[in-house]
Amino acid sequence: MTTEQVLQLFRETEALLEGHFQLTSGLHSPQYFQCAKVLQYPQHAEKLCRVAQQHFSKQEIDVVIAPAVGGIIVAHEVGRLLQARVLFAERQDGKMSLRRGFHISPGEKILVCEDVITTGGSVREVIDLAREAGGEVVGVFCIVDRSSGKANFGVPLISTLQLAPETYAPQACPLCAAGGNAEKPGSRFLKK
Ligand SMILES: [Zn+2]
C-alpha cells in the first residue's frame, strides 16, 4: 500500500480526523487519530497487515506477539498471514508477562506487533520478555509509527505509516489563535 492509500483508509474509517481537536490530554491538535477505528474492519486490518507479510514472509517466523490490548488484533492478523502462532503479553503486577499458559521456546523466531508505537516502551518490554524466554526477535511491525523516528529496537521496524503527533498547549495553539474553537473528537457525530 502507498502512504496515500493508507491515509485514505484511515480517513474513510474516521481513524484519522482532520480539523481542530481537544485531545483527552487537554492538548490541541489539527489531527485526531484512533487506530482501533480502522482495525474494526477485518478486511482493512488484513490489507494493512499484508505490509508485514511482504516484509517478513521470506523469513521463518514461529511466533507473533503483541502487548495487550491494542496490538492483539494486529498480531492475530499478521500471524494468520504468516501462519505463525500468536501470543499476547499482559501486565501482571506492573510487569509485562506471558499468562494463560502461553510459552516461547528457546530458538523460536519472534515478530513483535503493535497497533501504534509512540515511545515504544511496551514493545521494548515485550522484546525483553521474548528474549528472556530464549526467543530470537527478528523484527517489529506496527500499523502507525508515531515516534518521529525515535523508536529504535535494534531490529527492523516496519510500519504502514509514519504519522508524527502535532499537539499544542491551548494557549499556544495556532488554530485557536486564528479564531477557531477546538472540538472534542466524536462530538461532531453527536450533533446530527
Ligand atoms: Zn486550539
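Could you work out [θ]222 nm for the chain from helices alone, using -39500 (n - 2.57) per DSSP H run of at least four and dividing by all its residues? Round to the nearest 500 deg cm²/dmol.
Working: 7 runs with 61 residues, N = 192.
After summing the helix terms and dividing by the residues of the chain, the value is -9000 deg cm²/dmol.
Each peptide among 130-138, 93-101 gets the average number of other Cβ atoms lying within 10 Å of its residues, and from highest to lowest they stand as 130-138, 93-101. A straight line joining the Cα centroids of segment 55-101 and segment 151-176 runs 24 Å. Once a ≥ b ≥ c are taken as the square roots of the eigenvalues of the Cα gyration tensor of segment 62-119, is the result rounded (a/c under 1.5), prolate (a/b larger than b/c) or oblate (a/b not larger than b/c)? Oblate is the answer for segment 62-119, as a/c is 1.5 or above yet b/c matches or exceeds a/b. Restricting attention to segment 3-190, close to 30% of DSSP beta bridges with both partner residues there are antiparallel. Exposure proxy ranking for R146, R91, based on other Cβ atoms within 10 angstrom of each Cβ and starting from the fewest, stands as R91, R146. Put simply, the amide H of L87, placed in the peptide plane, has neighbours under 5 Å in V64, I65, A66, leaving out anything fewer than 5 places away on its chain. Sorting D128, D62 from the fewest to the most surrounding beta carbons within 10 angstrom yields D128, D62. Averaging 1/r across all pairs of distinct Cα atoms in the chain and inverting the result yields a Kirkwood radius of 17.6 Å. In plain terms, the residue of F141, F56, F153 with the fewest other Cβ atoms within 10 Å comes first and the most crowded comes last, giving F153, F56, F141. For a 4.7 Å threshold on C-beta separation, the list of partnerless cysteines in the chain reads C35, C49, C113, C142. For segment 160-171, the Karplus equation 6.51 cos²θ - 1.76 cosθ + 1.60, evaluated at θ = phi - 60°, returns couplings of 7, 7, 9, 9, 5, x, 10, 10, 9, 4, x, 6 Hz by residue, with Gly and Pro reported as x. Across segment 59-192, the mean sequence separation of Cα contacts (distance under 8 Å, 6 or more residues apart), normalised by length, yields a relative contact order of 20 percent.
Computed from the coordinates by the stated procedures, all read-outs in this text should not be read as laboratory data. On a predicted model such as this, the values are computed, not experimentally measured, just so you know. Quick reminder, even Gly has a Cβ in these numbers, built from the backbone with ideal geometry, and neighbours come from all protein chains shown.
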